[in-house]
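The block underneath contains the structure these notes are about, expressed in structure tokens.
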Amino acid sequence: MQGPLIDTLVRQGVSRRTFLKYCATLASMMALPPTAGRAMAEAMAAARRPSVIWLPFQECTGCTESITRSHSPTIEGMIFDMISLDYQETLMAAAGFQAEEALHSAMKDNYGKYVLIVDGSIPLGLDGAYSCIAGKSNLDTLKEVAQGAAAIVAMGSCASFGGIPKANPNPTGAVSVSDVIKDKPIVNIPGCPPIPVVMTGVLAHYLTFGKLPELDDKGRPKAFFGETIHDRCYRRPFYDQGKFAKTFDDEGARNGWCLFELGCKGPVTHNACATTKWNGGTSWPVQSGHGCLGCSEPDFWDAGGFYKALSMPANPLKYAAVAAVAGAAVGVAASFANRAKKSAAKAAHETTTLADLEK
Amino acid sequence: MSLDAIPIHVVNTLPAGSGLTGNAPPLLRELAEQVKRLLATGEPSAIDLSALPLTPADLEWLHDKLGTGEIAITLQANGESTLNETACPGVWWVTHHNEQGAVNSQFIEVAFVPELVKAHPKDVEIGWEHLELLISDL
């Protein structure tokens with residue numbers, strides 16, 4: 001199915017206003033100016049459907065679940081109508097030789113133009129023998145398919161940073177996509193799983209502007225990862241007032257106070273959960289009463305325990321600066337006696353806690 | 001099953017007037033600027049309410065201040081959207097809901113007519129073809 005996108009959508013009963021409304025919402029979520037929605041709609045409507053190849057490596061299929069089971073099939077589904085998903089092992093009907101043929105014909109027909117989505121990390125141990133598809137190691141497959149890709153999207157924390165397979169002691173030698181591929185534009189969409197609208201936002205940006213969105217120093221789209229969970233958290237006022245839940249069932253917890261002392265990693269986690277929320281805007285971890293795990297940051301699994309507080313600030317309002325150096329071998333409250341303990345914590349990839357500092 | 005069967009009661013009801021952050025009043029000034037620009041150049045603009053740190057109380061305050069105008073438009077497209085004129089003509093409160101009824105995005109648009117309301121020429125063409133078809137069947 002070729003031709004402008006809007007024709008495809010109209011054939012499926014999507015009206016122009018529906019599309020415009022969708023673009024307005026998407027522009028809002030991408031922190032674009034409100035009037036950008038119309039420009040996006042115009043550009044996307046005229047765009048041709050790009051070919052997309054989706055490769056799963058060492059993963060749990062959670063990323064695919066997140067996208068395909070997103071709340072409103074008409075919204076995120078619409079984006080999937082805008083692309084030609086030529087290879088996705090979990091979703092495609094074909095199997096075995098047929099599936100491999102689909103992959104290779106998509107690569108041949110759209111060489112240099114297709115978008116490659118990868119979820120899962122790539123094991124380098126034992127020459128990549130830990131994960132093979134169709135008799136080939138993930139490493140070889142990635143190198144081969146990446147060659148003809150216009151851009152690569154690393155979906156989820158595993159593809160972006162190595163994720164849980166890379167967790168200490170990393171038995172398979174797992175690495176991220178950007179550790180293997182150096183000569184292609186790569187956008188990381190970390191999260192365990194990533195937020196569906198971030199995925200669709202990146203695709204919409206690619207369709208609208210023909211290139212990947214602006215990225216931060218970890219390769220993540222700034223529109224969604226530009227701010228921390230803490231910055232946009234609705235419980236932030238309680239943090240500023242020094243009101244903290246001390247246990248999961250105390251009065252503070254019932255009053256919805258800040259979960260910082262219960263190990264919330266919001267202050268050092270860049271993601272959009274606080275604004276986009278989950279399950280169709282129903283809720284998100286902090287709203288359900290649990291701190292952020294920090295799943296969109298590198299090595300979150302080894303960051304010293306989900307229920308350990310990041311550190312205790314001397315002055316809540318100056319916290320951001322303290323958080324930035326927590327875990328490094330400097331800290332305002334550090335004493336010489338604690339140096340050894342702190343460097344040990346750093347070596348073990350643990351975040352220094354208040355208890356560590358005060359001992 | 002009725003929700004009453006679940007023995008939970010809310011204990012932290014907030015006192016009235018709380019939740020105001022003071023972020024809403026400056027928006028009135030921004031709106032005034034935008035209305036001025038609309039009159040001078042005809043250029044429409046918008047404020048993305050979901051992108052600003054506004055609490056539900058702030059939004060309510062703003063909604064109250066702007067009031068209700070003469071026109072209320074409902075759009076059925078992938079969930080309901082409401083485009084309501086405020087007491088200030090040319091200032092529209094636009095809310096997009098998804099099919100489940102949750103708010104997807106919320107804007108204040110400053111325009112003579114909100115963009116979404118206008119029929120696209122391509123759609124008008126299709127309507128015209130349909131009319132021609134109706135006529136040919138007479």
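The values are calculated or read from the model by the stated rules, or taken from the named source; none is laboratory data. Computed from a prediction, not measured in an experiment: that's the story for all the values here. Virtual Cβ from ideal backbone geometry, glycine too; neighbours counted across all protein chains shown.
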Seminar exercise, completed: By residue number, the members of the stretch A:207-237 that are more than 15 Å from A:His270 (Cβ to Cβ) and under 17 Å from the mean Cα position of the chain (by Cα) are A:Leu212
Problem set entry | Some residue of the stretch A:78-98 being under 21 Å from A:Lys277 (Cα atoms), surrounded by 18 or more Cβ atoms within 10 Å (Cβ to Cβ), at pLDDT 80 or above and among the charged types (D, E, K, R) | no
For this session: Give the number of residues within the stretch A:12-30 that are surrounded by fewer than 18 Cβ atoms within 10 Å (Cβ to Cβ) and either more than 11 Å from chain B (Cβ to nearest Cβ) or touching a residue at least 40 places away in the same chain (Cβ under 8 Å) (or both).
Result: 1
For this session: Working carefully through the options A:Ala321, A:Ala344, find the one that is among the aliphatic types (A, V, I, L, M), more than 30 Å from A:Glu65 (Cα to Cα) and at pLDDT below 50.
Result: A:Ala321
For this session: For residues that are surrounded by fewer than 16 Cβ atoms within 10 Å (Cβ to Cβ) and within 11 Å of another protein chain (Cβ to nearest Cβ), scanning just the stretch B:47-62, find the one that is modelled with the highest pLDDT.
Result: B:Pro56
Problem set entry | Lone qualifier among B:Leu28, B:Leu54 - being part of a loop (DSSP other than H, G, I, E, B) and touching a residue at least 24 places away in the same chain (Cβ under 8 Å) | B:Leu54
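Restricting to the stretch A:169-215, and then to whatever is part of a helix (DSSP H, G or I) and among the polar types (S, T, N, Q), can you tell me which residue is nearest to A:Ala274 (Cα to Cα)?
A:Thr200
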For this session: Residues being crowded, with 21+ Cβ neighbours inside 10 Å, out of contact with any Lys or Arg (no Cβ under 8 Å at 6 or more places or on another chain) and on the phi < 0 side of the Ramachandran plot: count how many of those fall in the stretch A:185-202.
Result: 11
Exercise. So how many residues does the stretch A:133-168 have that are within 20 Å of the chain's Cα centre (by Cα), surrounded by 21 or more Cβ atoms within 10 Å (Cβ to Cβ), among the small types (Gly, Ala, Ser) and not in a helix (DSSP H, G or I)?
Worked result: 3
For this session: Please specify each residue of the stretch A:141-156 satisfying the condition of being touching a strand residue (DSSP E or B) at 6+ places or on another chain (Cβ under 9 Å) and more than 20 Å from A:Pro50 (Cβ to Cβ).
Result: A:Thr141, A:Gly156
